C-alpha cells in the first residue's frame, strides 16, 4: 500500500486554493517528496506531515515552479531541524539548477547540511525485498525529465490452513518457509515452501508523471497501474498552447489512462484559467474514474483487484480524504 498526499496542485503559479507542485509518497519507513514548488515547507507543516525523515527528494524536472521551494526547505533544515543529510534525485539539468539555487541560499562554500545530488537514469532508483522505485523518461521542455513508478513486488501468500494441516508450528519454522527455506519438523517430516505458499500475487502500482508534453512511451509504463498521476494543464480548446509549452490537455491524459487500463486517474498541475468542472467535463467521457487533485488530498493506493467492477475499485481501493 502507498499513501499519496498532494501538497501543491497548481500549474506554473499558485492560486488562492492551490500551491505549486509537490507531493509526498509514503511506504513503510520510506518518505519521498516529489518536487518542491515555492511554499512547500508551509504545506508540509499544514498537512501534518512535518519534516521527519524527509531525506529523499525526487525532482521530475528543473523548472522553477517545481524546485524553487527547495531553497527555503534546505535553509530550514540547516537551521532548525535535526536533519543532517538529504538526497536530491533528478536529471542532470535539474540538479544543475538546484545546485545554483543552493549557492544562492548558502553561498559558494560548503552548506551546513549534507546535500547529496544523485543524477537519475532510467531504471531502478531504490529497492528492497518487497518494493521498488523506478525512474522513466518523460518528454517535456528541457532535457532529463522523469516520472516515477512505485510498485510492490510479487509475493506468495502463506497458506495457514495448509501449514496447520501439515503440523507446521507457529514460529521460526513458518518464518523460514516464508523466506523460501525448507524445514524439517520434529517428527522428521520435510516441508517445502511450495507446500504452504500460494501462487504469486502482485502488489500496488503507483505511476507519477509531472509535466509532460506528450504521452508517447507512457502507455507501457502506466499499464494497469492502480493509480496514475499526471498533469492536465490545458483543455482541448487551447491544445495549440499546450503543444507550444509542452503540456497535456485533460483529454490527452484521459486517453492515456484508458489505453493503459489504469484503475484511477488523478489529474494535477491545474491552470488557474480552468475550474475543476471544466477539466472533468472534458476528461470523464473518455475515462470515467478520474479525480482532480486538490491540495492536501490524500489517497491510499492498494493493489488492483482484476475482477472488481471498475467504479467499485476506484471508490473502495483509494480513499480520498478532503480536509
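With neighbour counts taken as other beta-carbon atoms within 10 Å, the residues 274, 234 rank, fewest first, as 274, 234.
Placing a pseudo-label 7 Å from each Cα along the Cα-to-Cβ vector at residue 87 and residue 30 gives an inter-label distance of 1.0 nm. The structure shown yields Cα extents along the principal axes in Å, and of the options (1) 72, 54, 38; (2) 72, 53, 35; (3) 53, 45, 37 that calculated value carries the label (2). Report summary: the helix-based calculation at 222 nm, which adds -39500 (n - 2.57) for every DSSP H run with n ≥ 4 and divides by the residues of the chain, gives -7500 deg cm²/dmol. Neighbour counts of other Cβ atoms within 10 Å put 80, 93 in the fewest-to-most order 80, 93. Note on 276, 108: ascending count of other Cβ atoms within 10 Å places them as 108, 276, the fewest first.
Each residue of the stretch 151-223 gets 99 Å³ once the volume of the Cα convex hull is shared out per residue.
Modelled this way, with points 7 Å down the Cα-to-C-beta line, the labels at residue 46 and residue 223 are 4.0 nm from one another. Here the relative contact order of the chain, from alpha carbon pairs under 8 Å that lie six or more residues apart, stands at 16 percent. Modelled this way, with points 7 Å down the Cα-to-C-beta line, the labels at residue 119 and residue 214 are 2.4 nm from one another. Between residue 155 and residue 239, full extension at 0.36 nm per residue minus the direct alpha carbon distance yields a gain of 25.9 nm.
Fully extending the segment from residue 17 to residue 259 would add 84.0 nm, taking 0.36 nm per residue of separation and subtracting the current Cα-Cα distance.
Every read-out reported here was derived from the displayed coordinates using simple, explicitly stated rules and does not represent laboratory data. Source: prediction; values computed, not measured. Cβ: placed from backbone, ideal geometry, glycine included. Neighbour counts: every protein chain shown.
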